[in-house]
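One structure is given below, encoded as structure tokens.
The values are calculated or read from the model by the stated rules, or taken from the named source; none is laboratory data. Note that the structure is predicted; figures quoted are calculated from it, not measured. No Cβ is skipped: glycine too gets one built from the backbone with ideal geometry, and neighbour counts run over all protein chains shown.
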Amino acid sequence: MSSNRRIVILGRDASSLDGLTRILEGAGYIVASTTNDGVAIDMVASSSYDALLIGREVAEADRRYVATESRNRDIGIVVLTVNSPRSVLTQLSQALP
């Protein structure tokens, strides 16, 4: 399912990022995370990632900005708002072919 899938996570809370990273790495995803909007956008632009996950704790305006800028740099990137750590694997399996 997740063989070699690369994911960027953007969040505001380091412990939430750590929890999501553990879940995703446990499922076989390659994960990079950051709390900085600009870094997330640069990561998407500079490397081949399959998805950008944005935590719900990120303000709506920031989520929209990061999603738009990321898609401008990588038209094929899947951008998802993480509704809960428990649902992240389901969200990814539905969004990634």
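Before we move on, is ILE23 part of a strand (DSSP E or B), surrounded by 13 or more Cβ atoms within 10 Å (Cβ to Cβ), in contact (Cβ under 8 Å) with a residue 12 or more places away in the chain and not charged (D, E, K, R)?
The answer is no for ILE23.
State whether the residues of region 59-76 include one that is under 17 Å from ALA14 (Cα atoms) and either over 13 Å from the mean Cα position of the chain (by Cα) or not charged (D, E, K, R) (or both).
Scanning region 59-76 turns up at least one residue that is under 17 Å from ALA14 (Cα atoms) and either over 13 Å from the mean Cα position of the chain (by Cα) or not charged (D, E, K, R) (or both).
What tally of residues in region 7-58 results from selecting those that are more than 20 Å from GLN91 (Cα to Cα), among the aliphatic types (A, V, I, L, M), over 11 Å from the mean Cα position of the chain (by Cα) and modelled with pLDDT of 95 or more?
Looking only at that region, the number is 1.
Would you point out the residue of region 51-97, among those that are acidic (Asp, Glu) and part of a helix (DSSP H, G or I), that is surrounded by the most Cβ atoms within 10 Å (Cβ to Cβ)?
GLU69
Answer with yes or no whether VAL44 is under 22 Å from PRO97 (Cβ atoms), in contact with an Asp or Glu (Cβ under 6 Å, 6 or more places away or on another chain) and outside any helix (DSSP H, G or I).
For VAL44, the condition - under 22 Å from PRO97 (Cβ atoms), in contact with an Asp or Glu (Cβ under 6 Å, 6 or more places away or on another chain) and outside any helix (DSSP H, G or I) - is not met.
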